[in-house]
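*Asks:* Sharing a structure below in structure tokens format, with a few things to ask.
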Amino acid sequence: MFASNPPLFSNPPHPREVIMLSKRFRLPNSASIDTFLAHGGYQAFRKALEMSPDEIIAEVKTSNLRGRGGAGFPTGLKMSFVPRNSPKPKYIVVNADESEPGTCKDRLLMEYDPHSLLEGMLIAARAIDAKKGYIYIRGEYRYLIHILDRAIEEAYRHGYLGRNILGTGMDFDAYTHSGAGAYECGEESALLESLEGKRGVPRIKPPFPAQVGAFQCPTMLSNVETFCSIPYIVEMGGKAYADLGVEKAGGTKLTCLTGHLNKPGVYELPLGFPVDLLIHDVGGGIPGGRKLKAFIPGGSSCPVLTAKECEGLTMDYDAMAKRGTMLGSGGVVVMDESTDMVKVALRIMRFYQHESCGWCIPCREGTTWLRKMLQRFDEGLGRRHEIAMIGELAKNMLGRTFCALGDAAALPTISIVEKFYDEFERKLNEVSIPVPAPGPFPVLNDPPPLGAGS
Amino acid sequence: MTFSPQLEARFAKMLASYPPGRQRSAVVPMLIFAQDEVGSITPELVQEVARRCGVQPVQVEECVTYYSMLRKKPLGKYHVQICTNISCLLNGGEELWKRACAQTGLGHKQVSADGMISLEEVECIGACSWAPALQVNYDFEHLVTPERLDEILAACRKGDYVEKAK
């Protein structure tokens, strides 16, 4: 069986880490059911079997657990939206399509503790009366499909999956489902389309998946880390879990430290952890003693912050919102003073252009247009009126698409142009380009300049 | 078309895992697992998956053209996928990509004449904390130095790169 070598977690854990979700990572053979059972595994599920569905949902609400995939929606509320008395079958769907640039945390949960994901699914299934659950996992994570398949097999053998689980009359089946390379399939409604064997394009919302989800049935769809957190909430109680974090955001979060850092890695930190400590203590500081220039808190879809904006900032949903960005998926990207922000903006836009599913025109055309424009700046061929135009174009994409991919492309771009305007100015083409002689057909002119003339 | 007994067993399990009448769900996973055995998505494979899932071939075809890991032409025995997305970019991913191109004389999605190796510049593969990273088929390579890249490419060309995550 494949195992990452060296392991993906820090060993020993950083002293500032709060070890909960990662408590079994460092055990030998941690993915096996024997290790899991010897270290408290499936105890929370046994406890949940004694609780009513309403009690489980109430605990999750009290815990202030918010979705760990990026949007940060309160999980308890999401569970309560599933109509339990519906005559249709209900489904659990796990979003393991981790592909937000900067994010690599779900890999650890699935590689080192796959049974905790199954336990979270089982508790959620008990709460919403679901009989089947699917783990939608990105195609690139093939080795994790094998690990999860083996864990599922073990769980069947030990009576935690299948018919009449532990003699309680509960039935639940779990399956893995492989994607095949599409960032868009991490968006919940596109994921459901993909799960049904179609192109991964988003659905119009509402209805949300809780009402009309997988196979047109009520569905609880959440991120891997969200499901993995549920057993701990049941075990310690919603209140104790909430107390680990800050107001309106409970618990711990696996945080991926990436970019210009001495000790990048995945660390389990409580919600509300200070950004300064995150970079300079846990992350080991910036190599060569260079200064911080820009900071992305949770994947490339979040607006970029400057070093000054990071002062006194903490890693929680509301603190980030106050500074005009998002906590996102926990994929932190640290950029030092040597970073070329035009190059960063271009690379981010190239990604969204490649991954736009093409369903909504503002996103499909907007990302292509912006990519071309940023490419010109990167080559030192920018024109002054285009600096403003990049921002204008991006703003025209906001809120005009079915899903958030259009916004995810626009938001970082807008923030980079606004906060690092001078870097775009340095990439202007000061040499006038000779205008070719008009040919036999009318030649379309450049669009009129926006704002101050060029 | 017939596949290996292991793959047939996987397909049987797969088709049974979706609710009755929802076998279309198996299209994408079936395509990617079959591609690993066949080498690419051939017209016969499209027909076969359509038949097994009870859909029209065009419904399979529209998935083939959408998902970036599905391909109609075979790639190298070792498909080297180098990430140049943000976290890798900041840690030298672009330099690795250029080095790999120069070393092999190949470009994006090109295959060597002997079919041993192909290159692709890919989007985020989920190894951001261990950047720069790449994948050889399904194997992850973390914190790749230029020297390690040269070793990987040499092993692929000779055919002795050891795959663990197949």
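No value in this document is a laboratory result; all are computed from the given coordinates. Everything numeric in this text was worked out from a predicted model, so none of it was measured. For neighbour counting, all protein chains shown are included, and Cβ atoms are generated from backbone atoms with ideal geometry for every residue, glycine included.
*Asks:* Between the stretch B:104-118 and the stretch A:344-385, how far is it from one alpha carbon centroid to the other, in angstrom?
*Replies:* What the calculation gives is 28 Å, centre to centre.
*Asks:* Any idea what the relative contact order of the stretch A:295-403 is, in percent, if you count C-alpha pairs under 8 Å spaced at least 6 apart? Present the calculation step by step, with values, prior to reporting the outcome.
*Replies:* Working: 107 pairs, mean separation 23.6, N = 109.
Result for the stretch A:295-403 is 22 percent.
*Asks:* Next question. Run the paramagnetic zone check for residue B:158: 7 angstrom along Cα to Cβ, then residues of the stretch B:130-148 with backbone nitrogen under 19 Å.
*Replies:* Counting only backbone N, you get B:136-137, B:145-148.
*Asks:* Another question, if that's okay. Report P(r) for the protein assembly as shown: all Cα-Cα distances, bin width 20 Å, range 0 to the bin holding the largest distance, values in whole percent.
*Replies:* It works out to 19, 54, 24, 2, 0, in whole percents.
*Asks:* Let me confirm one metric for peptide B:17-26, namely the mean number of other chain beta-carbon atoms within 10 Å of its residues' beta-carbons.
*Replies:* Across the residues of B:17-26, the mean count of other-chain Cβ atoms within 10 Å is 5.
*Asks:* Magnitude of the Cβ-charge dipole of chain A, K/R +1 and D/E -1, about the Cα centre, nearest 20 debye?
*Replies:* Values: 51 positive and 52 negative charges, 84 e Å.
With only Lys, Arg, Asp and Glu charged at Cβ, the dipole is about 400 debye.
*Asks:* Convert each backbone phi in the stretch B:121-126 into a coupling constant with the Karplus relation 6.51 cos²θ - 1.76 cosθ + 1.60 (shift: θ = phi - 60°), then list the ³J(HN,Hα) values in order as whole Hz, x for Gly and Pro.
*Replies:* Residue by residue, the stretch B:121-126 yields 8, 10, 7, 2, 9, x Hz.
*Asks:* Between residue A:381 and residue A:27, what FRET efficiency follows from the Cβ-Cβ distance if R0 is 45 Å, with the result rounded to 0.05?
*Replies:* Using R0 = 45 Å, I get an efficiency of 0.20.
*Asks:* Using only the alpha-carbon atoms of the stretch B:78-158 as identical scatterers, what base-10 log of I(q)/I(0) does the Debye formula give at q = 0.13, 0.15, 0.19, 0.20 Å⁻¹?
*Replies:* -0.32, -0.42, -0.69, -0.77
*Asks:* Quick one: 3J(HN,Hα) in Hz for the stretch A:20-25, Karplus 6.51/-1.76/1.60 with θ = phi - 60°, rounded, Gly and Pro as x.
*Replies:* Rounded to whole hertz, the list is 9, 4, 9, 5, 9, 3.
*Asks:* Just to confirm the filter: which trypsin sites (Lys or Arg not before Pro) across the stretch A:29-128 are DSSP coil and have at most 16 other Cβ within 10 angstrom of their Cβ?
*Replies:* A:84
*Asks:* Give me the percent relative contact order of chain A, please, defined on Cα pairs under 8 angstrom at least 6 residues apart.
*Replies:* 16 percent
*Asks:* Among B:54, B:7, B:34, which residue has its Cα furthest toward the positive end of the charge dipole of the stretch B:5-64, with +1 on Lys/Arg Cβ and -1 on Asp/Glu Cβ?
*Replies:* B:54
*Asks:* Out of all DSSP beta bridges in the protein assembly as shown, what portion is antiparallel? Express it as a percent rounded to 5. Spell out each step's value before the answer.
*Replies:* Details: 25 of 55 bridges.
Looking only at bridges with both residues in the protein assembly as shown, the antiparallel portion is about 45 percent.
*Asks:* How well do other chains shield peptide A:348-356, expressed as the mean number of their Cβ atoms within 10 Å of each residue Cβ? Before the final figure, lay out the partial values.
*Replies:* Values: counts 3, 0, 4, 5, 1, 0, 5, 3, 0.
Mean partner-chain Cβ count within 10 Å for A:348-356: 2.
*Asks:* A further question on this structure: Excluding same-chain residues fewer than 8 positions from residue A:90, which aspartates and glutamates have a Cα within less than 19 Å of its Cα?
*Replies:* A:54, A:55, A:119, A:129, A:171, A:173, A:188, A:193, A:196
*Asks:* Sticking with this structure for a sec: Compute the distance in nm between two label points, each set 7 Å from the Cα along the Cα-to-Cβ direction, one at residue A:205 and one at residue A:421.
*Replies:* 3.5 nm
*Asks:* Check cross-link reach from residue A:372 to the aspartates and glutamates: straight Cα distance under 12 Å, and skip same-chain residues fewer than eight apart.
*Replies:* Cα-Cα hits under 12 Å: A:386.
*Asks:* Which net charge results for the neighbourhood of residue B:80, defined as the other residues with beta-carbon distances under 13 angstrom from its beta-carbon, given Lys and Arg at +1 and Asp and Glu at -1?
*Replies:* Local net charge: -2.
*Asks:* Tell me, what is a quarter of the convex hull surface for the C-alpha atoms of the stretch A:341-425, in nm² with one decimal?
*Replies:* The Cα convex hull of the stretch A:341-425, projected and averaged over all directions, gives 4.5 nm².
*Asks:* If you don't mind, another one. Would you mind getting me the FRET efficiency between residue A:318 and residue B:16? Use the beta-carbon distance for r and R0 = 51 Å, nearest 0.05.
*Replies:* About 0.65, to the nearest 0.05.
*Asks:* Related question: Using only alpha carbon pairs under 8 Å that are at least six residues apart, calculate the relative contact order of chain B and give it in whole percent.
*Replies:* Over chain B, the number comes to 17 percent.
*Asks:* Which percent of the Cα-Cα distances in the stretch A:33-244 go past 22 Å? Write out the running numbers ahead of the final one.
*Replies:* Values: 9922 of 22366 pairs.
Here the tail beyond 22 Å accounts for 44 percent of pairs.
*Asks:* Sticking with this structure for a sec: Which of A:326, A:170 has the fewest other C-beta atoms within 10 Å, and how do the rest follow up to the most?
*Replies:* The most exposed by this proxy come first: A:170, A:326.
*Asks:* A further question follows. Calculate the length of the line joining the C-alpha centroid of the stretch A:404-430 to that of the stretch A:1-29, in whole Å.
*Replies:* Answer, in whole Å: 38.
*Asks:* Hey, another quick one. Using only Cα atoms, locate the centre of the stretch A:252-304 and the centre of the stretch A:135-179, then give the distance between them in Å, rounded to an integer.
*Replies:* 34 Å
*Asks:* Expressed as a whole percent, how much of the Cα-Cα distance distribution for the stretch B:1-81 exceeds 15 Å?
*Replies:* Details: 1741 of 3240 pairs.
Value for the stretch B:1-81 (Cα pairs over 15 Å): 54 percent.
*Asks:* Further, regarding this structure: Translational diffusion coefficient, Stokes-Einstein: compute it for the stretch A:217-275 using the Kirkwood radius over C-alpha pairs as Rh, at 4 °C and 1.567 mPa s, and state it as an integer in µm² s⁻¹.
*Replies:* Calculated translational D: 99 µm²/s.
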